[in-house]
1. Show me, for the range 93-108, the HN-Hα J-couplings you get by feeding each phi into the Karplus relation (A = 6.51, B = -1.76, C = 1.60, θ = phi - 60°), rounded to Hz, glycine and proline as x.
2. Going through the range 168-271, which GluC sites (Glu not before Pro) have at most 12 other Cβ atoms within 10 Å and a DSSP loop state?
3. May I ask for the angle, rounded to the nearest 10°, between helix 239-250 and the longest principal axis of the chain, with both axes built from Cα atoms and the value confined to 0 to 90°?
4. Any idea what the relative contact order of the range 88-185 is, in percent, if you count C-alpha pairs under 8 Å spaced at least 6 apart?
5. Could you please put 155, 38 in sequence from largest to smallest accessible area, using a 1.4 Å probe?
6. What does the accessible area per residue of the chain come to in Å², with a 1.4 Å probe and no ligands, DNA or RNA counted?
7. Once you put a point 7 Å from the Cα of residue 92 and another 7 Å from the Cα of residue 54, both along the Cβ direction, what distance in nm separates them?
8. In whole Hz, with x marking every Gly and Pro, tabulate ³J(HN,Hα) for the range 12-17 from phi via Karplus 6.51 cos²θ - 1.76 cosθ + 1.60, θ = phi - 60°.
Amino acid sequence: MGLLDGRVAFVTGAARGQGRSHAVTLAKEGASIIAIDINGPVTPDNGYPAATPEDMTETVRLVEATNQRIVHRQADVRDSAAIESVLAEGVAELGGRLDVVVANAGISNWNRFWEMSDDQWQVMIDINLTGVWRTLKAAVPIMIDAGNGGSLIAISSSSGIKSLPAQAHYAAAKHGVTGLTKTAAIELGEYGIRVNSIHPWSVVGAMGQDTTMGAILDKHPEYRASFASMLPELRSADPLDISNAVVWLASDLSRAVTATQLTVDMGATKM
Ligand SMILES: NC(=O)c1ccc[n+]([C@@H]2O[C@H](COP(=O)([O-])OP(=O)(O)OC[C@H]3O[C@@H](n4cnc5c(N)ncnc54)[C@H](O)[C@@H]3O)[C@@H](O)[C@H]2O)c1
């Protein structure tokens, strides 16, 4: 018996990293998966390699190895029509219900705010904030129609609570996700749909290897003081640490929890 037997979960940014881990961990608890990812480069401002179609193929293999079904498409969270289309197909194929949404797709890059191009600012907001809104907006009518309640989980960041230097656009987007989540929780409570955000600090993966971060810290070593946590031995969490929080929020174990900002951050936001 899994915590999510018979349920259907939609995960964005599922080709690799935390999104892949969320898809596989939710599947291990019994959920069928609908997965999307852009599977390719997003912006030259990112100083780390993009996900690939082969990455998504590996996610599919890992989910299927749990004996769960997965419907996957290449789609951009900036494209509402594409999200609606994959959800319509996935929900029809997987039994007519949608129980869990993990709005995880995101990007990261670094610069002082007055040195960013308009494009660097706007692409960040379009993906990391508006992309979450588009994801939830596409999913909610299906969940209300299905009438089973459900759980929406937005992957914010420690930067959705506490800001870092050289990431004004990222912090603005992730703080925006916090506000969106809280309003959505108020509006969806009457439908039995809970809405919460998760706030990781550093997590192992490609995003943390961004060369634009090292460059900005070399140029402004005083910024390093902002990068402290209470558990210095655990420098970065594993994707599974975040997935365990996702499963808890997705399942009935957290049935009394909504509008919460769940930090999985080694205490970093309280420093
Ligand atoms: N890595 C960290 O240290 C860290 C810390 C806190 C929060 N986060 C957040 O966690 C989430 C996952 O990050 P990750 O560490 O797994 O990074 P990642 O780069 O490995 O994964 C992000 C995935 O999102 C996809 N994606 C990006 N833009 C997209 C778009 N427009 N449409 C569809 N898919 C898109 C990418 O292709 C990629 O597969 C992000 O929202 C990120 O901001 C990461």
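1. Whole-Hz 3J(HN,Hα) from phi for the range 93-108: 6, 10, x, x, 9, 9, 10, 9, 10, 10, 7, 10, 4, x, 10, 8.
2. Working: sites: 187, 190, 222, 233; in loops: 233.
When the GluC sites (Glu not before Pro) of the range 168-271 are filtered for loop state and at most 12 Cβ neighbours within 10 Å, 233 remain.
3. Its long axis makes an angle of about 40 degrees.
4. Numbers: 112 pairs, mean separation 36.7, N = 98.
Over the range 88-185, the number comes to 37 percent.
5. Numbers: 155 10, 38 45 Å².
These residues rank, largest area first, as 38, 155.
6. On the way: 11780 Å² over 271 residues.
Here the per-residue accessible area is 43 Å².
7. Using points 7 Å along Cα→Cβ, the separation is 3.4 nm.
8. With coefficients 6.51, -1.76 and 1.60, one gets 9, x, 8, 5, 7, x Hz.
The values are calculated or read from the model by the stated rules, or taken from the named source; none is laboratory data. None of these values were measured; they are calculated from a predicted model. A quick note on method: Cβ atoms are made from the backbone with ideal geometry, for glycine too, and the neighbour counts reach across all protein chains shown. To get the accessible areas, we keep the full protein, side chains included, count just its heavy atoms, and leave off ligands, DNA and RNA. Shrake-Rupley method; radii C 1.70, N 1.55, O 1.52, S 1.80 Å.
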